[in-house]
Each structure stands twice: as structure tokens, then as C-alpha cells.
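See structure below.
The values are calculated or read from the model by the stated rules, or taken from the named source; none is laboratory data. Everything numeric in this text was worked out from a predicted model, so none of it was measured. Here the Cβ positions follow ideal geometry from the backbone for every residue, glycine too, while neighbour counts run over all protein chains shown.
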Amino acid sequence: MGRSFEVIAVDFDGTLCENEFPEIGAPNLELIKYLRDKQREGARLILWTCRCDEQLADAVDWCVNKHGLVFDAVNDNLPGMISAFGGSNPRKVYADIYIDDRMSNEWKLPFVKEEKTNDDNNSNG
Ligand SMILES: [Mg+2]
């Protein structure tokens, strides 16, 4: 049976905010809005970060209370996925889309910071 929703795993430092670890940098408002919109449309969101303990709690609090971004799981698979894996919970979270500043390809909208355009390349500034 197919799934009716998309699973999106998103990194924190350098992705949802500028990387100021262990502090929290400026928010990536475009990405935050995109994720809230996707969740409203039915997507499930997983926070997928190396942060632990208090720094993880700070990140979750920042997302929820400053930006209205509520995750369906934090550094974990969605409960429904665990049963789909036959009851095991692998350490790699399962997602359809992974959004991370360490992505090997150029970020694409709506995740992009900035893409160079011909105008940028031609500017003398
Ligand atoms: Mg990162």
C-alpha cells in the first residue's frame, strides 16, 4: 500500500538557520515557510541534526516557539515507518527528501540560499 504523504528530513545548523553552532544563527525564513506549507499539505517533517541534549532542545524550542515549525519526529523515524521496516528502527531516518547544507549538489529552490545568475557572473562589483 502506498503512502499518501511525503517525508522530509531537514538539517538544522546551516540549513534551517545560519550555522552559528552551538548558538543559533539567523533563520532561513524561506525554507521554514516552505516546510510549514508542505506540512499543511500533508507532508511529515523530521528534524535530522547532529545536535544533542540541551543544544537539540534549544533548536526544537526555537523551531516551535519562534517559527511555528513542529516536527513529526526528531532524529528518529516516523512511528509508522518503523512498522514498515518490520519493527526495526534503523539509525538512518527514512525520508523522501533530505534537505541539508551538506548536500553535494547545488541547493535548488526553495532550499537555495542563492544561485549565481549570469548577471552575477557578469558584474564587475
Ligand atoms: Mg548543517
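What do you reckon, is ILE24 within 15 Å of the ligand (Cβ to nearest atom), modelled with pLDDT of 95 or more and among the aliphatic types (A, V, I, L, M)?
Considered against the rule, which asks whether it is within 15 Å of the ligand (Cβ to nearest atom), modelled with pLDDT of 95 or more and among the aliphatic types (A, V, I, L, M), ILE24 comes out as yes.
Could you check segment 5-21 and list, in sequence order, the residues that are exposed (fewer than 15 other Cβ atoms within 10 Å of the Cβ) and either closer than 13 Å to MET81 by Cα or near the ligand (Cβ under 7 Å from one of its atoms) (or both)?
ASN19
From LEU29, LEU45, grab the single residue that is touching a helix residue (DSSP H, G or I) at 6+ places or on another chain (Cβ under 6 Å) and more than 15 Å from the ligand (Cβ to nearest atom).
LEU45
Checking the conditions here, which among ALA43, ALA26, ALA59 is touching a strand residue (DSSP E or B) at 6+ places or on another chain (Cβ under 8 Å) and in contact (Cβ under 8 Å) with a residue 40 or more places away in the chain?
From the options ALA43, ALA26, ALA59, the qualifying one is ALA59.
Has segment 61-75 got any residue that is loosely packed, with under 13 Cβ neighbours inside 10 Å and touching a Lys or Arg at 6+ places or on another chain (Cβ under 8 Å)?
Within segment 61-75, one or more residues are loosely packed, with under 13 Cβ neighbours inside 10 Å and touching a Lys or Arg at 6+ places or on another chain (Cβ under 8 Å).
Limited to segment 1-39, what total is found for residues that are of a type in the set (Asp, Glu) and within 14 Å of LEU56 (Cα to Cα)?
Residues in segment 1-39 being of a type in the set (Asp, Glu) and within 14 Å of LEU56 (Cα to Cα): 4 in total.
Can you pull out the residues in segment 95-106 that are part of a loop (DSSP other than H, G, I, E, B) and within 20 Å of ILE32 (Cα to Cα)?
Within segment 95-106, ALA95, ASP96, ASP100, ASP101, ARG102, MET103, GLU106 meet the criteria.
Got a sec? Which of LYS38, LYS92, LYS66 is farther than 20 Å from SER4 by Cα, in a helix (DSSP H, G or I) and of a type in the set (Lys, Arg)?
LYS66
Out of ASP72, ASP100, which single residue is more than 16 Å from the ligand (Cβ to nearest atom), within 13 Å of the chain's Cα centre (by Cα), modelled with pLDDT of 90 or more and not small (Gly, Ala, Ser)?
Answer to the check: ASP72.
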